[in-house]
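Here the structure is laid out as structure tokens; the discussion comes afterwards.
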Amino acid sequence: TLFPYTTLFRSLNLAIAMSTGLLVTVSGTVKIAISSFEKPMTESFEGKDIAISSKGAVPFFNIRDIKEEGIKNVNGEIDLLATTNGDEINNVTIRGKEDKNINNDNLIEGNLSGFIGQKCIISKRTSEGKKLKINDELELFIAGESKKYKVVAISANEAAFYNDNKTNYQIIVAYKYLSKQYEVEGKYNYVTANKSLDDTKQSVDRFNDKNTQFVAKELFDVKAIEKEMSSFTLIL
């Protein structure tokens with residue numbers, strides 16, 4: 001008479017064991033998933049923790065107007081979105097950087113001698129994917145206007161170029177040229193910084209408390225992602 005109960009007990013034990021195993025597996029998978037895209041994101045942010053933007057209608061602003069509370073090592077650049085024409089449309093980010101913010105050690109071909117005007121740096125991945133060599137021209141369209149940039153250097157697939165692929169990639173141009181073209185000399189629309197406190201969130205809160213014209217955000221919030229994923233783990 002105990003046989004059905006013994007069978008049920010064993011079945012329950014098996015179900016609990018399988019569920020526990022699934023939970024452990026999923027928890028480990030979640031951690032692996034987070035780390036797998038944390039690396040590309042943090043690499044592309046070039047060691048920065050925080051992004052700063054203007055609260056005003058105009059995205060360009062002067063770094064001198066920022067109160068460096070909760071932050072340090074502030075860098076600014078001009079970022080513009082462009083596309084290519086033809087059978088395959090590419091999305092390209094044009095990054096106007098100052099010389100001091102360009103890592104020469106990552107250059108594997110060419111150099112930045114006379115890096116002015118419509119010249120650019122591309123990644124090795126873009127060079128190979130688009131069959132571009134030093135002194136070749138890359139035609140881009142910004143708001144429908146055609147611009148041609150001569151390739152003067154090719155970088156390793158690191159830092160700003162880490163996430164480049166065949167249809168989405170970055171190019172770096174001289175900040176002075178880009179800022180003059182769009183009449184925003186001395187101003188930036190993409191500003192990043194490092195935290196000055198031990199905790200990134202505390203640094204962001206300190207900055208936002210002291211700056212009324214700007215807002216700071218974490219570039220990559222691991223805790224927020226873990227919180228989002230925890231609801232999925234909890235269901236399992």
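Quickly rank 169-176, 211-218 as a protection proxy: mean count of other C-beta atoms within 10 Å, highest first.
169-176, 211-218
Could you order peptides 101-107, 142-148, 117-123 by the average number of other Cβ atoms within 10 Å of their residues, highest first?
Ranking the peptides 101-107, 142-148, 117-123 by packing returns 117-123, 101-107, 142-148.
What accessible area, in Å² to the nearest ten, does a 1.4 Å probe give for VAL58?
VAL58 exposes around 90 Å² with every protein chain in place.
Starting from the alpha-carbon convex hull of the range 167-211, give the projected area averaged over all orientations, in nm².
One quarter of the hull surface, i.e. the mean projection, equals 5.5 nm².
What is the percent carbon and sulfur in the accessible area of the range 127-208, measuring with a 1.4 Å probe over the protein chains and ignoring ligands?
Within the range 127-208, the accessible surface is 43 percent carbon and sulfur.
For ASN90, what residues show an amide H to amide H distance below 5 Å, using hydrogens built from the backbone and excluding near sequence neighbours?
The answer is THR84.
Straight-line reach from LYS150: which lysines fall under 26 Å, measuring Cα to Cα and dropping same-chain residues less than 8 apart?
Qualifying lysines at Cα under 26 Å: LYS97, LYS100, LYS119, LYS124, LYS130, LYS131, LYS133, LYS166, LYS176, LYS180, LYS187.
Across all directions of projection, what mean area in square nanometres is found for the Cα convex hull of the range 87-205?
Reported value for the Cα convex hull: 9.1 nm².
The values are calculated or read from the model by the stated rules, or taken from the named source; none is laboratory data. Because the structure is predicted, anything quoted here is derived from the model rather than measured. Every residue, glycine among them, receives a Cβ derived from its backbone with ideal geometry; neighbour counts consider all protein chains shown. To get the accessible areas, we keep the full protein, side chains included, count just its heavy atoms, and leave off ligands, DNA and RNA. Shrake-Rupley method; radii C 1.70, N 1.55, O 1.52, S 1.80 Å.
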